[in-house]
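Participant: This is the structure, below, for whatever I ask next.
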Amino acid sequence: MKQLKVLFALTILALTMGSCNNLSSGWMSSSSATNEVLTIIDSTEWKEPHGRALFDVLNSPMLGMPQREANFKILHIDPRNFTRTFKMARNIVEVDISNMYTEAKLSAEINKYASGQVVLTVKAPDKDAMEVFLKENGDRIVDYLVNKELERIGQWLMKDSGTPKTRIRTTFGFELDYPKGLSNITEDENFFWATNNSAESRQDITIFSVPYTSETIFEKDSLIAMRNRVLGEHIKGSFDSQMSTSRAMPVEYRKLEIDGLFRAELRGLWEMTTDMMGGPFVMQAFVNENTNRVIFVDVLVYAPEKRKRSLIRNMEGTFYTIKIADAVESN
């Protein structure tokens, strides 16, 4: 019964979304909710080890969250039911087991059936090879799907955001877009803070900059120390509390590149030092070569007793809108 309800909901959503064509391309837009993945695999195989391996990959926990939340909501249908309606889903993962393959591999197609869609196909010569491949490449699959989701969010934010771009460009020499509703703004020298100030589903973004001195500033401990110093100085709470990076769980650190711009990233939990407040945050740091300053962009959410996956990812989409202004604009 639960699966039938899922199929019915997808049918209604796809028909609704599919009735509106993308006027610029003449191609129908993909549907389904953010952070959902539709898996296409035989119902019997779905219960077998390689099917469970696929489920485990997509159901893996998000990093840097205070409670366990899966990376994706998983929907499943049998290939025989994969009709035109379901081909409108935004994220599709299918399996293809055939002796025509000599080894397991992964392929990706963009806009295969609809605009804004990602279709991943896991190919393998047999079920055992499929299971091994999924277990060994789970992080790669999740990262790809999450990045595509964040790219979509970023594209949406660039069309529909509430960002005071001129103020940020003038102060920091770059542009970005963040979600609407963060209308409570605090500014100081080389510091910007916007929040919706909600008691239930709070979303914040902070931006600050410091002079670039050496590459050591991008080391994990250096980034954490900088975050604690600057945000602790500017974000205060009750009982003389101040913003800090929680040590309740390890802070995730990685280096990445988006749109040709090198960034160092922290992902973990924030807390107020003497207050019962906290939640997930993600921070990225990068150099604005026009000003020779390091820019820090930090997004966080506070949603006690609520799921936070969509809240934090909607904020993370901001990182995919960052653009360094031209040198002339920075002066």
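Please treat every number below as a calculation from the coordinates, not as lab data. If you're wondering where the values come from, they're calculated on a predicted model, not measured in any experiment. Because the Cβ atoms are built from the backbone with ideal geometry, glycine has one as well, and the counts that use them run over all protein chains shown.
Participant: Taking a ≥ b ≥ c as the square roots of the eigenvalues of the Cα gyration tensor of segment 162-238, is the shape rounded (a/c under 1.5), prolate (a/b larger than b/c) or oblate? Could you put the intermediate results ahead of the total?
Facilitator: Numbers: a/c = 2.11, a/b = 1.33, b/c = 1.58.
Verdict is oblate for segment 162-238.
Participant: If you don't mind, there's one more thing I want to ask. With the Cα gyration tensor of the chain giving a ≥ b ≥ c as the square roots of its eigenvalues, does the rule (a/c under 1.5 for rounded; else a/b larger than b/c for prolate; else oblate) give rounded, prolate or oblate? Before the final figure, lay out the partial values.
Facilitator: Working: a/c = 1.89, a/b = 1.74, b/c = 1.08.
Here the chain falls in the prolate category.
Participant: Say the cut-off is 26 Å between C-alpha atoms; which of K73/K306; K105/K323; K73/K323; K87/K123; K47/K87; K87/K165 go over it?
Facilitator: Details: K73/K306 16 Å; K105/K323 34 Å; K73/K323 31 Å; K87/K123 19 Å; K47/K87 23 Å; K87/K165 37 Å.
Table pairs above 26 Å Cα-Cα are K105/K323; K73/K323; K87/K165.
Participant: Return the loop-located GluC sites (Glu not before Pro) in segment 138-239 (DSSP other than H, G, I, E, B) with at most 14 other Cβ atoms within 10 Å of their own Cβ; answer none if there are none.
Facilitator: E189, E200, E219
Participant: Return the single residue from Y302, Y144, Y178 with maximal mean-square fluctuation; model: Gaussian network over the chain, springs between Cα atoms under 10 Å.
Facilitator: Sorting by GNM fluctuation, first place goes to Y144.
Participant: Another one. Restricting attention to segment 90-191, which trypsin sites (Lys or Arg not before Pro) occupy a DSSP loop and are surrounded by at most 12 other Cβ atoms within 10 Å?
Facilitator: On the way: sites: R90, K105, K112, K123, K127, K135, R140, K148, R152, K159, K165, R167, R169, K180; in loops: R90, K112, K180.
Sites meeting the loop and neighbour criteria: K180.
Participant: Take every DSSP beta bridge whose two residues both sit in the chain, then give the antiparallel share in percent to the nearest 5. All intermediate terms of the calculation are to be shown ahead of the outcome.
Facilitator: Details: 58 of 75 bridges.
Roughly 75 percent of the beta bridges in the chain run antiparallel, per DSSP.
Participant: Residues of segment 269-304 with the amide nitrogen closer than 20 Å to a label point 7 Å from the Cα of S201, along Cα-to-Cβ, please.
Facilitator: 278-282, 299-304
Participant: For the chain, what does the helix formula give at 222 nm: sum of -39500 (n - 2.57) over DSSP H segments with n ≥ 4, over the residue count, nearest 500 deg cm²/dmol?
Facilitator: Working: 9 runs with 98 residues, N = 331.
Value at 222 nm, helices only, nearest 500: -9000 deg cm²/dmol.
Participant: Could you compute the FRET efficiency for Y101 and T273, with r as their C-beta to C-beta distance and R0 at 51 Å, rounded to 0.05?
Facilitator: Values: r = 55 Å, r/R0 = 1.08.
Given R0 = 51 Å and the Cβ-Cβ separation, E is 0.40.
Participant: Name the residue, out of A285, A70, A199, whose mean-square fluctuation peaks in a Gaussian network model built on the chain with Cα pairs under 10 Å.
Facilitator: Between A285, A70, A199, it is A199 that shows the largest mean-square fluctuation.
Participant: With 10 angstrom as the radius, rank H50, H76, H234 by how many other C-beta atoms surround their C-beta, starting from the fewest.
Facilitator: On the way: H50 24, H76 20, H234 17.
Going from sparsest to densest Cβ surroundings: H234, H76, H50.
Participant: Using every alpha carbon pair in segment 198-331, what percent of pairs falls into each 5 Å bin from 0 up to the bin containing the largest distance?
Facilitator: All Cα pairs, binned at 5 Å, distribute as 2, 10, 20, 23, 20, 13, 8, 4, 1, 0 percent.
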